[in-house]
Amino acid sequence: MTFPHPHNLRTVSMPLGMVVGAMFCRPIAALETASGGMITPSLIFLMLFFTFCRVDVRSMRLQPLHLWRLTAQIVFSVAVYGILLPFSPTVAQGGMICVLTPIAMAAVVIGGMLGADIVSMTTFSLLCNMTIAVVAPFILSVVGSGDCSLAVILARVAPLLILPFAAAQGCRALIPKVSGWVAAHSQISFYLSLTVIIGRTTTFILDPPEADGAVETALAATALVICLVQFRFGRWLGRRYGDAVAGGQSLGQKNTVLAVWMAQSFLDPISSVAPTAYIVWQNFVNSYQIYKKDRETTKNQI
């Protein structure tokens with residue numbers, strides 16, 4: 001019996017998780033409701049904890065590029081909301097959350113495959129998550145549905161982004177063997193979170209309070225434009241500091257699982273269609289970049 005190559009398994013894992021989540025959207029939504037909405041944030045916590053177990057703080061160095069990326073991300077998120085608000089508050093929320101959400105930890109992996117400075121990207125990942133943990137509640141409390149106060153959002157978002165790092169560093173210091181195993185299997189929690197998020201979002205799409213296909217299409221199209229702009233602008237900014245790939249991945253590849261959770265928790269739930277579509281768009285971009293990189297490598301070897 002022949003087993004699939006690990007590379008092939010990684011290739012199909014993400015689309016498989018999305019398909020499973022969509023197929024089992026009803027049971028997933030029922031389970032999430034029965035848990036009081038705690039399943040998704042718990043999985044996000046585990047996803048960040050697993051990833052932060054790979055972070056060695058001693059090797060990190062803050063660079064000007066990190067601050068420029070972070071500033072661009074926050075300013076761009078507010079600008080997108082202001083530009084889209086006259087057309088549709090829901091689309092404005094969806095576009096804003098696609099920008100505001102911190103970098104995906106998987107971006108470090110993809111960046112490494114494309115030749116980026118992994119240490120620099122890891123430093124930015126940590127800085128970005130810590131900053132957004134503080135900034136996001138203020139923005140969400142202003143542009144959100146009004147159901148949650150600033151204190152409530154801060155109490156739910158900040159621990160979700162900060163505590164995993166503290167727990168992971170404690171694990172690295174006290175039980176390094178466990179943290180080593182966790183770091184080696186960091187993708188497990190990501191695929192679980194992705195499956196649950198896709199299930200919840202599929203339910204929202206199938207049974208929205210007021211179904212509006214035009215709004216959902218606008219959200220998906222907005223996510224596509226924002227995705228391409230962020231990758232492009234990130235590469236331009238990174239090129240000025242000698243690392244175009246790191247710039248592109250740091251701004252373009254988002255923690256969409258977290259984005260969907262924040263949209264469903266604090267904004268119009270339909271706005272979560274945008275970060276869900278972003279999952280697809282950013283993976284198209286990454287697939288193209290990896291394909292292009294492989295072609296260049298092959299040519300150089302000939």
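Accessible area per residue for the range 60-139, computed on protein heavy atoms with a 1.4 Å probe, is 36 Å². Placing a pseudo-label 7 Å from each Cα along the Cα-to-Cβ vector at Phe138 and Ile83 gives an inter-label distance of 2.3 nm. With a sphere of radius 14 Å drawn around the Cβ of Gly180, what net charge do the other residues whose Cβ falls strictly inside it have (Lys, Arg +1; Asp, Glu -1)? Net of charged neighbours comes to +2. One decimal place: the segment Trp68-Leu228 gains 55.7 nm when fully extended, by the rule 0.36 nm per residue minus the C-alpha distance. Placing a label point 7 Å from the Cα of Glu296 along the Cα-to-Cβ line, the residues of the range 239-264 whose backbone N sits under 19 Å from it are 239-253. Sorted largest first by accessible area at a 1.4 angstrom probe radius, with every protein chain in place, the residues Tyr81, Tyr291 fall in the order Tyr291, Tyr81.
Using a probe of 1.4 angstrom, how much of the accessible area of the range 100-140 is carbon and sulfur, in percent?
Percent of accessible area from carbon and sulfur atoms in the range 100-140: 79.
The values are calculated or read from the model by the stated rules, or taken from the named source; none is laboratory data. Keep in mind that this is a model prediction, so the values were computed, not measured. With ideal geometry, Cβ positions are generated from the backbone for all residues, glycine too; neighbour counts draw on all protein chains shown. Surface areas here come from the heavy atoms of the whole protein model, side chains and all, with no ligands, DNA or RNA. Shrake-Rupley method; radii C 1.70, N 1.55, O 1.52, S 1.80 Å.
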